[in-house]
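Chemist: Structure below; questions to follow.
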Amino acid sequence: MKKDYEPDVDIYAWSTFVPEETGIEVQKILKSKWINTGEQEKLFRKKVREKFNIPYCVATNNGTAALRTSLAALGVGPGDEVVSTPYTFIATNTSILEQGATPVFADIQYDTLNIDPESIPDKITDRTKAIMCVHYGGNPCDMDEIRKIGRDYDLPIIEDSAHAMGSKYKGKYIGSTGDIICFSFQVVKIITCGDGGIVATTNEEYYNKLKKYVWYGVDREERDSRSIDPLPDQIDVLGFKYNMNDITATIGLVGLEHIDEAFQRRKEIGERYRKELANCTKIKLLDYSSDRTPNYQIFPVHVENRLEFAKHIQEHSIEARVNNRRNDRYSIFGGKQDLPVTERVDKDVILIPIHADLTDAQVEKIIKTVWEYDKKKL
Ligand SMILES: *Cc1c(COP(=O)(O)O)cnc(C)c1O
């Protein structure tokens, strides 16, 4: 029987990737009586660093917290501006507001849905403290161009990589290069902790700050745990309570053991869609540049008459999801701005389901259903 929160479809837009033995592993940690941030969290960070060639990282209790921690560590505060993308999940930009700063929206590229580097310089003012980009759907942004702007204007770059764990830019994993790179382990991401996040950096100075912002301004690993008063003599940074505990880390560790299976399945399906839907005329695929390897976190496409398309696939029991709306439409971000490409994208992008739980028969059905729409007289 369907639970009341399940949509009335057979093929879901998302799935949650939780390997079989997760429960057993979590139970071991519960029995150990140490469930706070400890050895498991440390091991999780170590494995993430090894897997994705990340020099330094801190773990957080969610991806939004990872973003806010990054902004705080970069000194972004009230009155400051961050040039960002309007086409993303709202967390990218609410994290900027949480720091009392303002997201200033650049426009995006129609073919990738990523921030358009050419649109960034015009948005930079003397209040700008950082540039935020999102590797939308796991397809990496034009990082060479964005980093050049960062160097020219002396601005650090935060990569919201909530979609992009395991994606590569010019042969290198997202997270292994760049300033600050944030990952999420929310329930529909490639692997999940229930909720969790990672802030990766290649800069030791940033790392030392990030550690403090994750836990009340204190580097937990520097505490003298044998002391009757383990806190340092002085706390000079107002940090958050964003640390990842050992229960969360354990769920993530099991996911990480199986992450290649998740990548492989998504890759198979994504490449099949790219091949078999390439010649549609009402559906236009995104452009994945040959120097990038997407992880297929989601599969957004442009579609003619989106509402009709959504109705059509739902009639075939396939869940239709728009995923994101342009963020500037929400009044918390100051209201709609003049962003022509964002305007088009906001009307014509929709997701084709992709996740590790889809069977070959379901993938077949999705492709067939999309083609039926393509041939339909509207
Ligand atoms: C999921 C997501 C986040 C937020 O991550 P949480 O772990 O849910 O806080 C941020 N940005 C993007 C693009 C996301 O998809």
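The values are calculated or read from the model by the stated rules, or taken from the named source; none is laboratory data. Everything quoted here is computed from the prediction, not taken from an experiment. For neighbour counting, all protein chains shown are included, and Cβ atoms are generated from backbone atoms with ideal geometry for every residue, glycine included.
Residues checked against (1) away from the ligand (no atom under 16 Å from the Cβ); (2) part of a helix (DSSP H, G or I):
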| position | (1), (2) |
| --- | --- |
| Asn93 | no, yes |
| Ile96 | no, yes |
| Tyr110 | yes, no |
| Leu113 | no, no |
| Thr125 | yes, no |
| Met132 | no, no |
| Cys141 | no, no |
| Glu145 | yes, yes |
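Chemist: Anything in segment 159-174 that is more than 17 Å from Leu74 (Cα to Cα), of a type outside the set (S, T, N, Q) and more than 8 Å from the ligand (Cβ to nearest atom)? List them, or say none.
Modeler: Passing the criteria: Ala164, Met165, Gly166, Lys168, Tyr169, Lys170, Gly171, Lys172, Tyr173, Ile174.
Chemist: Do we have any residue at all in segment 59-70 that's surrounded by 15 or more Cβ atoms within 10 Å (Cβ to Cβ) and part of a loop (DSSP other than H, G, I, E, B)?
Modeler: First, pick out the residues of segment 59-70 that are surrounded by 15 or more Cβ atoms within 10 Å (Cβ to Cβ): 59-70.
Of the ones still in play, those that are also part of a loop (DSSP other than H, G, I, E, B) are 61-62.
Taking every residue of segment 59-70 in turn, at least one turns out to be surrounded by 15 or more Cβ atoms within 10 Å (Cβ to Cβ) and part of a loop (DSSP other than H, G, I, E, B).
Chemist: Can I ask one more? Among the candidates Tyr273, Tyr296, which residue alone is crowded, with 19+ Cβ neighbours inside 10 Å, touching a residue at least 60 places away in the same chain (Cβ under 8 Å), not in a loop (DSSP other than H, G, I, E, B) and not assigned by TED's automatic domain parsing to the domain that holds Lys170?
Modeler: Just a single option satisfies the conditions, and that option is Tyr273.
Chemist: Please pick out the residue among Gln362, Gln337 that is in a loop (DSSP other than H, G, I, E, B), polar (S, T, N, Q) and more than 16 Å from the ligand (Cβ to nearest atom).
Modeler: On inspection, the qualifying residue turns out to be Gln337.
Chemist: Whether any residue in segment 183-199 is under 29 Å from Asp122 (Cβ atoms), within 16 Å of the ligand (Cβ to nearest atom) and either in contact with a Gly (Cβ under 6 Å, 6 or more places away or on another chain) or part of a helix (DSSP H, G or I) (or both) is what I want to check.
Modeler: no
Chemist: Residues in segment 325-334: is at least one in a helix (DSSP H, G or I), without any contact (Cβ under 8 Å) to a residue 12 or more places away in the chain and surrounded by fewer than 17 Cβ atoms within 10 Å (Cβ to Cβ)?
Modeler: yes
Chemist: Take the residues in segment 7-62 that are among the aromatic types (Phe, Trp, Tyr) and assigned by TED's automatic domain parsing to the domain that holds Phe240; name whichever of them is farthest from the ligand (Cβ to nearest atom).
Modeler: Result: Trp34.
Chemist: I've got another one for you. Is at least one residue of segment 65-82 within 16 Å of the ligand (Cβ to nearest atom), farther than 21 Å from Asp195 by Cα and in contact with a Leu (Cβ under 8 Å, 6 or more places away or on another chain)?
Modeler: yes
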